[in-house]
Amino acid sequence: MNDPLGLVNHILNKSFVDGPGNRAVIFMQGCNFRCLYCHNPYTIQYCNACGLCVETCPQHALTLGKDKIFWNEDICLECDECIRTCPSSSSPRTHSYTPEALWEQISHIGPFITGVSVSGGEPSLQVAFLAQFFQLVKENSTLTTLIETNGFAGPQAYTAMLPWLDMAMLDLKCSHPRKHEKLTGQPLDSVLESMRFFAAQGKLQQVQQVIVPGFTDSVEDMQRTAKLLAGVDPEIRLRLLRFRPHGANGPSAEWQSPTDEHMDTLVETARGCGLKEVERSL
Amino acid sequence: MEKRRLPEPFMEFEDLRQGLTAEMVTPFKQHVSDLLHAHDLIYEQKRDALAAAAVGSLPYPPISAAARELLQSGVLCVLGEGAAPYHPRYVAPDYARILHEGSPFLELKPAQTLFDATTSLLTAYKYFPAGGLPVFIGRLDELLEPYIDTVSPETARQVLKSFWLLVDRLNPSGFVHADLGPAASKTGALLLDVDRELGTITNLTLRYDPQHTPQEFALQAISNALGVTKPYFLNHPAMAADWGEDYVIASCYNALPLKGGIYTLVRLNLKRAAEMADDDPERFLDETLPEIGKNWTEVIASRARYIIEDVRWFEDNFWIEEGLLDKHKFSAYAGVFGLAEAVNHFTRTDAHPEASYGHDKAANRLAERITTRIHEVLEDNPVASCEGTDGKACYHAQVGITSDLDTTPATRVPSGEEPELYEHILTEAPTHKWINGGISTILEFDQTAAQNPAAVLDIIQGAFKAGIRNLSIGSANSEFVRVTGYLIRRADLEAHKAEKALRYSSAALGSGVMENHPNHLHRIPRKV
Ligand code: SF4
Ligand code: SF4
């Protein structure tokens, strides 16, 4: 059987905000949510090689092959004209890796990091690839593995990688079923199942939530979220991330960022509902 | 209004053999008079500058014509020591002995309590026998831990806070240096705590050993470093492999044997040296450096001899008589700076302007070859008086002074030109390999680091695995800036610009460096 290929949007060699310690982060291409405030819509779809972006590239860094786009990274200016052009929420600037090739790349920076996080997009769309990649990481190093996921794929999606997975960071977009569906385009149920599943495995490193006006920013919203989590386990760590309109798309670019005071109020609210560890981004 | 030129703290005379000559008497008097009248120097600073001027008026200890030429052309320099050295540049007294046995000369009894111990230390600092300032004030956690439980925990904190305040107020300089670690201790944690609270510029090093420094202590030190730009993180296993356990870090980041000293620091300006070899790096490595090496070590030997035989520094000296310092543990620094410019001199061409240190494999490789070659040259030119380092001059990376206009400190990539973080570390790490007498790489982080100090620890550990010996960790928006090796507060920089007198003599020095190298305020912070 051939190794599955992973489609990667980009790799960060260092991150202080994607799990414990300093981590490499691999952003996978493709997502099963359509969040209203998505900051990276070009990670949502796989490229279908329509070729539209090729013409717009000022550097002639893109060429259309038989059924794929070739991207000349060396001359690319990262001007993003291609992703603005793409009608399909995709990007021609992705890389395919075998699990070995990806590990080979990450292993070089191994001495500087504590672990590897996979994010996206939504990494659970490429679980077969990730299971093999994580296995390589665990068999060849002391690095820890972490998946940052929206949980929608449901518990069964994660079972193959479980032996090689140290931690999961679950992105709970919203704890209200109807609002969740409005915000992401998908129902909430399987997200919660995944969260319970990771918690039961002792692998739920953190739940995080973006504080978005109208969806997650009211005290009632936070009480519901915090009670839900505390009901699973009061030890679950909750991190609140402030919505930022900069880089958001469509109408959400007009939404307001919550203030420091309001973020602090929500942290207190969550603590008041029994969660022991609640923090927020700057 | 035109900015008034501050008198230089000491004077160099044209002819090194003669020192002050009849023709120079008038300018010399003018220099002395300028010092007396300087408004932005306080009394102590004037007094020190006057003493330096007096020493500067003497002839240099005898050296060959070739060595003299290198000194006069600035390829070599003795960095503010003055022509005739009358004391070692740095010493590292065995303060533990004073605490355990007392000191007859200082009329101190063995310390019984934390009060006794801190009082004895402050007394000893006052009599520090080198350089006008106690550039090494002890491995403080080790020294004070035996006394920490002689008082209540609240009192212990109060005593350490007063002690730390006095260390700064009585010895106001960024070159005053204390060591901590590798083990954690109550004293170590308390000192980090009061250091953060007081915000003084006394220098600190944590001798970090992943095997023996508990994570919690290391994280406390990192949080401090992100706030107040200290302590330094020293790769203790790498240092101990060369020095054994009994070494200390003094002044900026200078390593020397405990109970030992450093007679002199003679600097080699690598940029100037490189220019002597035209465009030929092989000639530089094979001919220029070995040639310079002979004169370099000759100058070192002659200065050490002057201290030992002319001034007879070791005689009638209570530090020696009481066993607080040991003549056999003394050495001298052969310091280098301007490696970046030396490398770029050979690798950067009109066709390849980007082929520079930090950004080009061949350039980085040349940097490694140069630092290795200098090690060999120092091995080939023994200096008998450097007993503390096996009869060879101790290899040191020097951080630079105000007048170094066109050179980068030590072996660093120039501020503002730093490559990506890991690349930066991997560029400078090979240059740390042989330089065990003091060297450091500076990393500045953005504010997200404060929320995740463990991530900074990962990078420190990675850097140490890569061979880095010492790291200065800081955050880009801190009030405390690592100028070159010592710290300066931004507020002092402003005050110096406004020609106000400053308590810290090192701040005046630092301000000069900053005026000439504003890039030190524009290091590339690591966004994460
Ligand atoms: S970002 Fe896209 S459009 Fe811009 S240069 Fe690169 S490939 Fe071309
Ligand atoms: S990136 Fe988008 S525009 Fe470019 S070829 Fe793929 S689908 Fe078409």
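Read-outs: derived from the displayed coordinates by stated rules, not from any lab. These figures come from a predicted structure and were not determined experimentally. Every residue, glycine as well, gets a Cβ built from its backbone with ideal geometry; the counts of neighbours run over all protein chains shown.
Some notes on this structure:
- Projecting the Cα atoms of B:ASN436, A:VAL8, B:ILE300 onto the dipole axis of the protein assembly as shown, where Lys and Arg carry +1 and Asp and Glu carry -1 at the beta carbon, places A:VAL8 farthest toward the positive end.
- The residues neighbouring B:GLU479, those whose beta-carbon lies less than 14 Å from its own, together hold a net charge of 0 under the Lys/Arg +1, Asp/Glu -1 convention.
- With the convex hull drawn around the C-alpha atoms of region B:276-352, the volume per residue stands at 114 Å³.
- Value of Rg to Rh for chain A (Rh from inverse mean 1/r over Cα pairs, i.e. Kirkwood): 0.97
- Excluding same-chain neighbours fewer than eight residues apart, the lysines reachable from B:LYS126 by a Cα-Cα span under 19 Å are B:LYS46, B:LYS109, B:LYS161, B:LYS259.
- Candidate cross-link partners of A:LYS173 among the lysines, defined by an alpha-carbon separation under 16 Å and a same-chain spacing of 8 or more, comprise A:LYS182, A:LYS227.
- Overall form of chain B per C-alpha gyration tensor (a/c, 1.5; a/b vs b/c): rounded
- Summarising the overall dimensions of the protein assembly as shown from its C-alpha atoms, the Rg and Dmax are 30.4, 95 angstrom.
- With neighbour counts taken as other beta-carbon atoms within 10 Å, the residues B:VAL194, B:VAL91 rank, fewest first, as B:VAL194, B:VAL91.
- In the calculated pair-distance distribution of region A:72-127, the portion above 13 angstrom amounts to 74 percent of the Cα-Cα pairs.
- Under 14 Å, Cβ to Cβ, from A:GLY115 - net charge with Lys/Arg +1 and Asp/Glu -1: 0
- Most mobile of A:PHE27, A:PHE133, A:PHE70 in a GNM of chain A (Cα contacts under 10 Å): A:PHE70
- Antiparallel content of DSSP bridges confined to chain B, in %, to 5: 35 percent
- The residue among B:ALA84, B:ALA111, B:TYR95 whose Cα reaches farthest toward the positive pole of the charge dipole of region B:64-174, with charges on the beta-carbon of Lys, Arg, Asp and Glu, is B:ALA84.
- For B:LYS329, net neighbour charge (Lys/Arg +1, Asp/Glu -1) across residues whose Cβ lies under 11 Å away: -2
- For A:LYS14, the lysines whose Cα falls under 20 Å of its own Cα, not counting residues fewer than eight places away in the same chain, are A:LYS138, B:LYS465, B:LYS527.
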